[in-house]
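Below is one structure, written out as structure tokens, with a few remarks after it.
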2 protein chains.
Amino acid sequence: MPYRPFTDQNCSIAAALEIVGERWTLLVMREVLLGRRRFAEIRRNVGVAPNILSDRLQVLVEHGLLRRRRYSEHPESYEYVPTRKGVDLNPVIITLLQWGDRYATPGGPPRVPVHTTCGHDADPRLHCSHCGEIIQNGELTVRPGPGATAGQLAEGVLPRP
Amino acid sequence: MPYRPFTDQNCSIAAALEIVGERWTLLVMREVLLGRRRFAEIRRNVGVAPNILSDRLQVLVEHGLLRRRRYSEHPESYEYVPTRKGVDLNPVIITLLQWGDRYATPGGPPRVPVHTTCGHDADPRLHCSHCGEIIQNGELTVRPGPGATAGQLAEGVLPRP
């Protein structure tokens, strides 16, 4: 790998990006989660070079976000099906979509998320599991967790005053 | 730019990643949103090469996610303050943290999000703004929005059956 790894950060954000932070990877996951699971279909929609797509799909299979399923024997052809680990990326992709809708898509939202359970536009918001309220941006901080290093424990609650 | 751009996708996810999808960028935003705003401090925590950090900060300032503020005249020194556009990346970073906690941090969560308004662990979840329920992963689909292309309009609701 030509990159400097995100080592020694003991950070779940860095650890997640080590798996899904490569260029194109989240766009490949977008396609699979939208139901497009065949190589040619993903390649066409993402506009990625075939060798890069092969690499990204292989990494996603190795990390257990996708599994390969054969859908044709002659010729031998496979599609890529998201696992639970892959489906659980949905909140990351949806929050990116919302940020892009707001700040990077001047022509208006190309796609609107719909909550299949109730059938309406979802406009998903993060809520606090304790008090139930919508978490406004800027209302979150972090405390050291059970996996914190000594240095992170010493930092205490961030952001510092 | 040495990369092939994410052009012609008419997608808010791709448009967002065009701004924040470069390697290191979301880790730089993590630091700033945790309250670490000075170059040396960010560099130490992220472990990024100085020239790459300079580049990422400049891109974030150009795109309006950060602004530079002078905190010392002699020597002339600046810190990087998140704008509203930058703070609004919080849901992306928090959902990445949650995915990393679940799948990529075997030692347990290094940091736990706290809702400052109620003072408790937030365990943030996406809720549907229409019905108010937690959106389970797999319960979202998309419909064409006001910015959809003719091709996206023809696709209708995804994922297709």
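Here's the picture: charge each Lys and Arg Cβ at +1 and each Asp and Glu Cβ at -1 in chain A, and of A:Ala15, A:His115, A:Tyr103 the one pushed furthest to the positive end of that dipole is A:His115.
Working note: 222 nm ellipticity from helices only, DSSP H runs with n ≥ 4, each -39,500 (n - 2.57), summed and divided by the residues of the protein assembly as shown, gives -11000 deg cm²/dmol to the nearest 500.
In this Cβ point-charge picture (+1 for Lys and Arg, -1 for Asp and Glu), the protein assembly as shown has a dipole of about 340 debye about its Cα centre.
Each Cα pair under 8 Å and six or more residues apart adds its sequence gap; the mean of these over the residue count of chain A is a relative contact order of 13 percent.
Peptides B:48-55, B:19-26, A:56-63, B:73-80 ranked from most to least packed, by the mean per-residue count of other Cβ atoms within 10 Å: B:19-26, A:56-63, B:48-55, B:73-80. The Rg/Rh ratio for the range B:1-88, using Cα coordinates for both the radius of gyration and the Kirkwood hydrodynamic radius, is 1.00. Distances between copies at B:Phe39, taken between label points 7 Å from Cα along the C-beta direction, are 4.7 nm in increasing order. Considering every alpha-carbon pair of the protein assembly as shown, the percent of pairs per 10 Å bin, from zero through the bin containing the longest distance, is 5, 25, 35, 24, 8, 1, 0, 0.
Using Stokes-Einstein with the Kirkwood hydrodynamic radius over Cα pairs, what translational diffusion coefficient do you get for chain A at 20 °C and a viscosity of 1.002 mPa s, in µm²/s rounded to a whole number? Roughly 115 µm²/s, to the nearest whole number. Taken residue by residue and averaged, Cβ atoms of other chains lying within 10 Å of the Cβ of B:15-26 number 6. Ordered shortest first, which distances in nm separate the 7 Å Cα→C-beta label point of B:Asp55 from those of the other copies? For B:Asp55, the other copies' label points sit at 1.6 nm, shortest first.
Shown for B:Gly108: label points 7 Å from Cα along the beta-carbon vector, and their distances to the equivalent points in the other copies, 5.1 nm in ascending order.
Here, each number is a calculation from the coordinates, and none is a lab measurement. Predicted model only: the values in this text are computed from it and were never measured. Neighbour counts are summed over all protein chains in view; Cβ atoms, including those assigned to glycine, are modelled from backbone coordinates with ideal geometry.
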